[in-house]
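Report on the structure given below.
The values are calculated or read from the model by the stated rules, or taken from the named source; none is laboratory data. Keep in mind the model is a prediction, meaning the values are calculated, not measured. Cβ placement follows ideal geometry from the backbone for every residue including glycine, while neighbour counts extend to all protein chains displayed. Surface areas here come from the heavy atoms of the whole protein model, side chains and all, with no ligands, DNA or RNA. Shrake-Rupley method; radii C 1.70, N 1.55, O 1.52, S 1.80 Å.
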Amino acid sequence: MQNNMWYTIFNLSLPATSLAVLGSMSITILFLFILKRRKWIDSFLNYFVLFILVWKFSYVLTNWQEVMNYPLSMLYFDGGTFGIALAAIILFIYSVLRVKSEKDTIQQQSFYWLSMYSSSQFLYALLNDGVLWLTILMVFFNLVILILILWQRSFEKMDRFALRMTLIYLLFTLLVEPLGFQQPKLWMILTFIVYTAWYQFKMKRSELS
């Protein structure tokens, strides 16, 4: 599904993508309140702000001359697909370091990922004007995932739950969306699958040794 809708809030025009991301942040924070994990909110916001800053200001790397001529262009443009990829790489490294330093857990990160991704796709489908059957399918699919997240009370197994749901996401995305592996979000899905699977394999080895 392509982003094809813009919305005006006061004097600011935003694409459906940006509204979906901001809305998913609010939903994730709400979930943390409902599930009584309020201490996780600061950590979650660190990940969110880091991703947004890298994605936004990566525009400097791809359009250096434009920024030199018009510095305010950084406020209106972003790094596009390159910026998303760079932000995902930096966020991945940051996530690994947080787990190694025991400041966060993989279960905690899995919750952030699944809640953000599901709610953003849910809102993205609602806000864009797309093919009716695909919109209904995406809304229903992501709504089910969001309900399951709230139902999943055992955070000790959140990484396994998130891995299963993400694998389903991978198959779902490849089946219903025509762009296939050209989508940046698909590479983010694959990165999370590899990261979570590696961590689970590492934990099993430590338990056996």
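Filtering region 65-90 to residues that are open to solvent by 60 Å² or more (accessible area, probe 1.4 Å) and touching a residue at least 60 places away in the same chain (Cβ under 8 Å) leaves only T81. No other residue among L137, L126 is assigned to a helix (DSSP H, G or I), over 18 Å from T28 (Cβ atoms) and open to solvent by 30 Å² or more (accessible area, probe 1.4 Å) apart from L137. Take S118 and tell me if it is crowded, with 18+ Cβ neighbours inside 10 Å and polar (S, T, N, Q). In short, yes. The set of residues from region 173-184 being modelled with pLDDT of 75 or more and surrounded by 16 or more Cβ atoms within 10 Å (Cβ to Cβ) comprises just one member, T173.
Let's see how each residue does on (1) open to solvent by less than 50 Å² (accessible area, probe 1.4 Å); (2) polar (S, T, N, Q); (3) within 30 Å of F155 (Cα to Cα); (4) free of Cβ contacts under 8 Å to residues at least 40 places away in the same chain:
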{"residue": "Y7", "(1), (2), (3), (4)": "no, no, no, no"}
{"residue": "L61", "(1), (2), (3), (4)": "no, no, no, yes"}
{"residue": "F92", "(1), (2), (3), (4)": "no, no, yes, no"}
{"residue": "Q108", "(1), (2), (3), (4)": "yes, yes, yes, no"}
{"residue": "Y112", "(1), (2), (3), (4)": "yes, no, yes, no"}
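Taking region 15-87 and the helices (runs of 4 or more DSSP H) fully enclosed by it, the elements with 1 or more residues that are farther than 20 Å from Y117 by Cα and of a type in the set (V, I, T) are at 59-62, 64-69. Could you tell me whether Q200 is touching a residue at least 40 places away in the same chain (Cβ under 8 Å), more than 30 Å from S13 (Cβ to Cβ) and open to solvent by 30 Å² or more (accessible area, probe 1.4 Å)? For Q200, the condition - touching a residue at least 40 places away in the same chain (Cβ under 8 Å), more than 30 Å from S13 (Cβ to Cβ) and open to solvent by 30 Å² or more (accessible area, probe 1.4 Å) - is met.
Results for (1) touching a residue at least 40 places away in the same chain (Cβ under 8 Å); (2) within 19 Å of M5 (Cβ to Cβ); (3) out of contact with any Leu (no Cβ under 7 Å at 6 or more places or on another chain), shown as yes or no for each residue.
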{"position": "S115", "(1), (2), (3)": "yes, no, yes"}
{"position": "L132", "(1), (2), (3)": "no, yes, yes"}
{"position": "S154", "(1), (2), (3)": "no, no, yes"}
{"position": "Y195", "(1), (2), (3)": "yes, no, yes"}
{"position": "K204", "(1), (2), (3)": "no, no, yes"}
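The lone criterion from (1) within 15 Å of T17 (Cβ to Cβ); (2) hydrophobic (A, V, I, L, M, F, W, C); (3) more than 18 Å from the chain's Cα centre (by Cα) left unmet by I84 is number (3). Across region 128-145, the number of residues qualifying as over 19 Å from L186 (Cα atoms) and modelled with pLDDT of 90 or more comes to 3.
One line per residue, one yes/no per condition, for (1) of a type in the set (A, V, I, L, M); (2) free of Cβ contacts under 8 Å to residues at least 40 places away in the same chain; (3) under 24 Å from F33 (Cβ atoms):
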residue: Y124; (1), (2), (3): no, no, yes
residue: V139; (1), (2), (3): yes, yes, yes
residue: R164; (1), (2), (3): no, yes, no
residue: Y169; (1), (2), (3): no, no, no
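Among the residues making up region 9-50, those that are open to solvent by 40 Å² or more (accessible area, probe 1.4 Å) and under 15 Å from G80 (Cα atoms) are T17, V21.
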